[in-house]
1. Tell me, what is the per residue accessible area of the chain in Å², probe radius 1.4 Å?
2. Which of T193, T130, T27 moves the most in a Gaussian network model of the chain with Cα springs under 10 Å?
3. Relative contact order (percent) for the chain, with alpha-carbon contacts under 8 angstrom and 6 or more residues of separation?
4. Of all the accessible heavy-atom surface of the stretch 29-85, with the other protein chains kept in place and a 1.4 Å probe, what percent is carbon and sulfur?
5. Hey, with R₀ at 22 Å, roughly what FRET efficiency would V192 and L88 work out to, going by the Cβ-Cβ distance, to 0.05?
6. In the structure displayed, which of K118/K200; K118/K255; K207/K255 lie more than 20 Å apart, Cα to Cα?
7. Let me check I have the definition right: for the stretch 201-251, take the eigenvalues of the Cα gyration tensor, multiply each by 5, take square roots. What are those semi-axes in whole Å, largest first?
8. Would you please classify the overall shape of the chain from the alpha carbon gyration tensor, given that a ≥ b ≥ c denote the square roots of the eigenvalues, rounded means a/c under 1.5, and beyond that prolate means a/b larger than b/c while oblate covers the rest?
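The values are calculated or read from the model by the stated rules, or taken from the named source; none is laboratory data. Predicted, not measured: the structure shown is a model, and the values here were computed from it. Neighbour counts are summed over all protein chains in view; Cβ atoms, including those assigned to glycine, are modelled from backbone coordinates with ideal geometry. In case anyone asks, the SASA skips ligands and DNA or RNA and just uses the protein heavy atoms, side chains included. Shrake-Rupley method; radii C 1.70, N 1.55, O 1.52, S 1.80 Å.
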Amino acid sequence: MKQVRPKKNLGQHFLTDLNIAKRIADTVDEPYAELPVLEVGPGMGVMTQYLVEKPRPLKVVEIDRESVAYLRENFPRLNNNIIGGDFLRMDLNEVFDGQQFVLTGNYPYDISSQIFFKMLDNKDLIPCCTGMIQHEVAVRMAAKPGNKQYGILSVLIQAWYDVEYLFTVEPSVFNPPPKVQSAVIRMTRNAVTDLGCDEKLFKRIVKATFNQRRKMLRVSLRQICNPRPEFFDDPMMTRRPEQLSIPEFIALTNKVAEELLKD
């Protein structure tokens, strides 16, 4: 069968360097080498060829029909484990019958954030997620407080996962070459089982404050609550969101929750 043509509307950039493909595939080996693996967007299977050799169940999900046909012809060992569909619309509980799994892939740049938000919604199913994304997004995900890259993704992901920036990948090893560098990351569930605050309010506060990241908290929080004047006596209110650690965002969430009860 002829090779699959990369499609711009699907954000496809096929990795052509086999050494890098193997390095990415091997990121799933730690720390959950016994769990099944779900690969998102396998394309022509450059990573799949290494994943399928590992002694663990593997399923792949691909939205491109041409790629699905290519995979069925070239990876007969996968049999019925090639899922033709949209990862973002899948019920992840059905993939391995409710069993935990490792998520990996060469993720389309334009939907990588959506993929990770879905991971967060299924964090109890996905103790580890690895793969390749846009360099800029990887840097934001791993950024620490006080860094200008620290933002919504940093806080929401690091609340539940430890993020490792593993290595950088240059555009020249793709067909077609993207206009940006890529990076390989690994996220591993931390020990947190409960944030100790209202999770929905936590997300709302993180998004609201970073959407006005240049403003002090006492300004950006006004869109969430109509606080009493003494609410702003806390020195934290003169800080900007990139200066807050995750525990401080949790404390802020509880403070806002108390204020909302008084409205």
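1. Numbers: 12920 Å² over 263 residues.
Here the per-residue accessible area is 49 Å².
2. T193
3. Numbers: 432 pairs, mean separation 42.2, N = 263.
Once divided by the residue count of the chain, the mean separation gives 16 percent.
4. Values: 1310 of 2700 Å².
Accessible surface attributable to carbon and sulfur in the stretch 29-85 totals 49 percent.
5. Details: r = 25 Å, r/R0 = 1.13.
Calculated transfer efficiency: 0.30.
6. K118/K255
7. Working: eigenvalues 45, 30, 25 Å².
Taking √(5λ) for each eigenvalue gives 15, 12, 11 Å, largest first.
8. Working: a/c = 2.53, a/b = 2.04, b/c = 1.24.
Prolate.
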